[in-house]
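Some notes on the structure that comes next.
What follows draws every value from the coordinates through simple rules; no lab data is involved. Note that this is a predicted model, so its numbers are computed, not measured. Quick reminder, even Gly has a Cβ in these numbers, built from the backbone with ideal geometry, and neighbours come from all protein chains shown.
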Amino acid sequence: MRLGRSSGILLHPTSLPGPFGIGGIGREARGFVDFLVRARQSIWQVLPLGPTGFGDSPYQGLSAFAGNALLVDPADLADEGLLDRGDLAPGPGLRDDRVEFEAVARSKEPLLDRAAERFFARRPTPLAGEFDEFVARHGAWLEDWATFAALREAHGSRSWREWPEALRTRDASALAEARARLAPSIDRARFRQFAFFRQWARLRAHAAAVGVRLVGDVPIFVADDSCDAWSRPGQFLFDANGRPTFVAGVPPDYFSPTGQLWGNPLYDWEAMARDGYSWWIARLRAMLELVDVVRIDHFIGFSRAWHVPAGDRDALRGEWRPGPGDALFEALGRAIGRPLPIVAEDLGAITPEVEALRDLHAQAGMKVLQFAFSGDPANPFLPHAHERRFVVYTGTHDNDTTRGWFASLAPGERSFVQRYLARSGEDIAWDLVRAAMGSVADVAIVPMQDVLGLGSEARMNVPASPSGNWTWRMAPGAATDAHAARLAEAATTYDRWPAAREGRAAGSAS
């Protein structure tokens with residue numbers, strides 16, 4: 001799928017308003033798609049959709065394939081008779097402005113279990129047939145995930161590395177005994193995934209029907225406490241005892257003088273190459289069942305990755321080691337088809353090798369306007385330096401909001417912003433929105449916080465900060481018709497509304 005000249009909004013479903021303490025993928029998500037249409041935006045970009053682990057970060061997912069069941073909409077389950085209307089009363093400790101993840105789990109997981117119990121007790125038609133088909137189609141990852149989720153629950157949510165040795169090492173008899181003993185819990189885990197994928201399919205169909213494309217996000221790495229690391233240890237740089245020898249991070253950068261120590265296990269690319277990169281092929285195929293285009297986070301890691309010795313407290317002692325490069329993407333192209341629907345997150349220590357890999361295999365790279373105003377008129381992030389095969393952002397989930405960023409600038413940088421944009425900065429978020437929309441870059445994406453003109457209180461993530469992230473929620477009614485009209489005007493002015501071009505083409509043809 002070619003991206004074409006277009007624009008859209010970056011908003012994770014957790015940030016949507018709704019009565020359950022967290023946004024979801026049901027009616028609120030479909031309503032947001034309708035807002036995008038009114039705003040003449042044709043793209044909705046989300047963060048990774050998997051179940052979260054450490055720090056509730058979507059970039060520390062417990063599975064590269066499973067969906068986050070906390071995003072399932074109980075109201076949609078009630079519409080299908082799997083919950084009663086009386087079940088939908090909000091639980092204690094839930095907020096409209098922030099996601100309190102522990103409170104959400106305490107409130108929502110019992111609802112999901114109640115729906116599962118009713119489903120298995122009744123096996124309603126045609127849902128039962130859809131469930132059986134889902135289990136059969138996704139069995140390659142679903143059975144490992146359901147077992148992992150049940151075992152994790154049985155061990156008080158402790159990391160799989162703290163389980164008994166026979167379960168850590170996947171001893172066949174120990175796993176068979178556990179699967180028999182935990183069969184009801186495993187069924188509930190299967191049902192949660194069925195509910196997630198079913199609701200997401202409805203959302204995607206609604207988006208497609210009104211001309212909105214979904215852009216997903218694939219973190220290059222998985223969490224150490226993940227089903228993938230547990231079920232496929234041979235794909236990672238683990239020692240003979242199954243412990244990581246090196247972990248992922250990045251060297252000192254814009255965000256941290258000691259680098260960022262992510263702690264994810266690193267891949268054994270030689271082992272992956274021997275089986276034709278089958279895990280990566282399955283992963284990208286699974287993601288493309290959910291979205292139209294995939295942003296790959298830390299694309300640089302395919303060219304080279306920062307290997308930090310396991311056990312280090314920061315990323316300073318890391319070293320660059322080569323990634324799979326062309327070989328992986330050639331395998332993906334043969335299996336999935338070309339051009340690959342990929343946006344490369346190519347920020348950071350980009351090299352000519354990374355640029356070549358991106359230009360050969362990705363549809364686009366990224367430009368972030370908040371990185372543009374260093375005072376150097378040759379800065380490649382400035383709008384006049386953009387190229388078409390890029391996606392331009394005012395900021396990303398890792399940046400402050402534009403209002404917060406502008407307030408934190410040194411006087412000289414703030415002055416350069418004002419001179420470059422020929423604006424006072426009183427409406428700085430929309431000044432950058434217009435700069436992004438006016439860029440020659442094929443796609444312009446704006447975080448919803450900037451559409452709403454919010455300050456640092458609405459920031460989604462502070463890199464290298466282990467807590468307090470990913471919690472922002474959009475207030476009920478915050479996205480107004482006035483916001484939609486303002487976005488629509490910008491999309492029309494800068495020719496980013498595909499329907500308008502189609503209409504002109506049809507008119508000229510007639």
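Tabulated data
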read-out: Modelled FRET efficiency - R0 25 Å, Asp239 with Ser278, Cβ distances, 0.05 increments; value: 0.60
read-out: For the chain, the spread of Cα positions along each principal axis, largest first, Å; value: 69, 54, 49
read-out: Convex hull of segment 190-230 built on C-alpha atoms - directionally averaged projected area, nm²; value: 3.9 nm²
read-out: P(r) histogram, all alpha-carbon pairs of segment 35-160 included - 5 Å bins from 0, percent; value: 2, 8, 13, 19, 20, 18, 13, 5, 1, 0
read-out: FRET efficiency, Thr351 to Ala89 (Cβ-Cβ, R0 35 Å, nearest 0.05); value: 0.05
read-out: Relative contact order, percent, segment 227-323 [alpha-carbon distance under 8 Å, six or more residues apart]; value: 31 percent
read-out: Val392 long-range amide H proximity, modeled H, under 5 Å; value: Lys367, Val443, Ala444, Ile445
read-out: Centre separation in Å (Cα based) which lies between segment 123-141 and segment 437-465; value: 39 Å
read-out: For segment 400-493, fraction of C-alpha pairs farther apart than 22 Å, in %; value: 35 percent
read-out: Contour excess over end-to-end distance, with Cα ends at Asp34 and Glu100 and 0.36 nm allotted per residue; value: 21.1 nm
read-out: Segment 414-503: GluC sites (Glu not before Pro) falling in loop per DSSP and having at most 14 other Cβ within 10 Å; value: Glu426
read-out: Computed lengthening from His206 to Leu409, 0.36 nm per intervening residue step minus Cα-Cα distance; value: 69.0 nm
read-out: Volume in Å³ per residue [convex hull over Cα atoms, computed for segment 279-367]; value: 119 Å³
read-out: Amide hydrogen neighbours beyond the local backbone of Ala64, cut-off 5 Å, H modeled; value: Asp228
read-out: Residue exposure sequence - Trp160, Trp320 - by fewest surrounding Cβ within 10 Å; value: Trp320, Trp160
read-out: Simple spin-label estimate for Arg388 and Glu270 in nanometres, 7 Å along Cα-Cβ; value: 4.4 nm
read-out: Rounded, prolate or oblate (a/c below 1.5 giving rounded, otherwise prolate when a/b exceeds b/c) for segment 295-439 by Cα gyration tensor; value: oblate
read-out: Nonlocal amide H pairs with Val247, under 5 Å, H built at 1.01 Å; value: Val308, Ala310
read-out: Cα gyration tensor category, rounded, prolate or oblate, for segment 201-260 with a/c compared to 1.5; value: oblate
read-out: Relative contact order for the chain, counting Cα pairs under 8 Å that sit 6 or more residues apart, in percent; value: 20 percent
read-out: Normalised contact order of segment 1-90, rounded percent, pairs of Cα under 8 Å and 6 or more residues apart; value: 27 percent
read-out: Loop-located trypsin sites (Lys or Arg not before Pro) in segment 101-176, at most 12 other Cβ atoms within 10 Å (DSSP); value: Arg158
read-out: Cα centroid separation, segment 293-350 to segment 194-245 (Å); value: 16 Å
